[in-house]
1. Calculated from DSSP H runs of 4 or more alone, at -39500 (n - 2.57) each and per residue, what is the 222 nm mean residue ellipticity of the chain, nearest 500?
2. When only C-alpha pairs under 8 Å and at least 6 residues apart count, what is the relative contact order of the chain, in percent?
3. Going by a ≥ b ≥ c, the root eigenvalues of the Cα gyration tensor, does the chain fall in the rounded group (a/c under 1.5), the prolate group (a/b larger than b/c) or the oblate group?
4. With a probe of 1.4 Å, find how much accessible area the chain has per residue, and write the answer as a whole number in Å².
5. What are the residues whose amide H is under 5 Å from the amide H of Gly292, where those residues sit 5 or more places off or on another chain and H is modelled from the backbone?
6. Through the Karplus equation 6.51 cos²θ - 1.76 cosθ + 1.60, θ set to phi - 60°, convert the phi angles of segment 200-217 into ³J(HN,Hα) values in whole Hz; use x for Gly and Pro.
7. Leaving out ligands, DNA and RNA, what percent of the accessible area of segment 38-334 is carbon and sulfur, probe 1.4 Å?
8. Once you mark the GluC sites (Glu not before Pro) that are in a DSSP loop and have at most 16 other Cβ atoms within 10 Å, what is the longest gap between them in the chain?
Amino acid sequence: MAQPPAAAPRTSSPEGATTQSSPDDALSEESLKEFITSLPSREGWPQPLIQYKSYWFNRNMLEGVLRARRAFAPRAEDVILATQPKCGTTWLKALAFAVATRSRHGLGAPDHPLLTRHPQHLVPFIEIPGVAGRDHAELGALPSPRLLATHMPMSLLTPETWSLGCRVVYLCRDPKDTLVSRLHFENMVAQDDSALSMEDAFGMFCEGFSPKGPFWDHCLDYWKESMARPDTVLFLKYEEIKLDPARVVKMLASFLGVPLTEEEESCGVAQEVATLCSFEKLTRLQVNQVGGVDHGNKVYIYNSMFYRKGEVGDWANHMSREMGEKLDRIVQEKLQGSGLVF
Ligand code: PAP
């Protein structure tokens, strides 16, 4: 990936939330577990969720967030792909990887990494680097510029992420489709008779009680930052990629500091990336059909679980019109005045 031009460094954000250190950042491994036990926790999702700084996390994830705050050292050249779960992380990872590495990995090459490795494993999460078989020390050993991912709310990203001017690409999705995708994922992972019902998941989601939720707060923080600093945060929606993936590929390339050349434009490189990363192409590959990763705690995530339907509007097959309208109303109210709409 070519070096993106350096963004202007800064020490504070419009919200003042992005640069705060916290005493919890220095927790040792032992006191970290003890600290988590002292936080509010609530049952409902297959794994109980723990509230930290107004967001909800399962235990593994919160441990990862706290470790990342302690051990992850951002670099100015880092590009971070930020999402809430089920908003299209896998897709964004594939697109950004293909765009950023196209000078090294020819898009049509028979040995392109996306043909043999899951997009989730090509771009490691900051807070769960183990998914890609790495720990924070190994993330530190990756050469710059690094392409990384996170589900962390903006306010929990390491303060240096912002003071160094790292670039962030945020992807969100219609909350109704996000919820439906989440419910299917939870029930696939649980693999027992503890299946969560749509009604229960819906009620919790509407209360703002969902993994990495409240949904609207997570989006809103990144949205405001993207409005204030478009050179630092690129805000995307799943639906807009679906509508015109090649257009988003071009935007991504420019934002990452590797814009498409005139020659690439005329050769249809944007479409080539879109096709390589399409749901149809990725789901046909063996690597995305077999295998998986053991996350511990009896959680095994098969590679295929990150691909279900890949559609816009599937919510209508799983919740009533009234439920859809209710969730829309809640989200509209929460986002009112921000300019962000779904
Ligand atoms: P994560 O946030 O848990 O890491 P994420 O990739 O966001 O995973 O969630 C999977 C969703 O993205 C699935 O949506 P669905 O349940 O509504 O179908 C999955 O199908 C969708 N997805 C994965 N890859 C693609 C792709 N290439 N194109 C479109 N959608 C995709």
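The values are calculated or read from the model by the stated rules, or taken from the named source; none is laboratory data. Keep in mind it's a predicted model, so treat the numbers as computed, not measured. Positions of Cβ are generated from backbone atoms using ideal geometry, with glycine treated the same way; all protein chains shown enter the neighbour counts. The accessibility values were calculated without ligands, DNA or RNA, using every heavy atom of the protein model including side chains. Shrake-Rupley method; radii C 1.70, N 1.55, O 1.52, S 1.80 Å.
1. Numbers: 16 runs with 144 residues, N = 342.
The helix-only estimate for the chain comes to -12000 deg cm²/dmol at 222 nm.
2. 23 percent
3. Working: a/c = 1.33, a/b = 1.15, b/c = 1.15.
Cα axes put the chain in the rounded bin.
4. Numbers: 14720 Å² over 342 residues.
That works out to 43 Å² per residue.
5. Asn303
6. 5, 4, 4, x, 5, 4, 5, 7, x, 9, 8, x, 6, x, x, 3, 5, 5
7. Numbers: 5980 of 11940 Å².
That fraction is 50 percent.
8. Working: sites that count: Glu15, Glu43, Glu207, Glu311.
No qualifying site falls inside 44-206, the longest such stretch.
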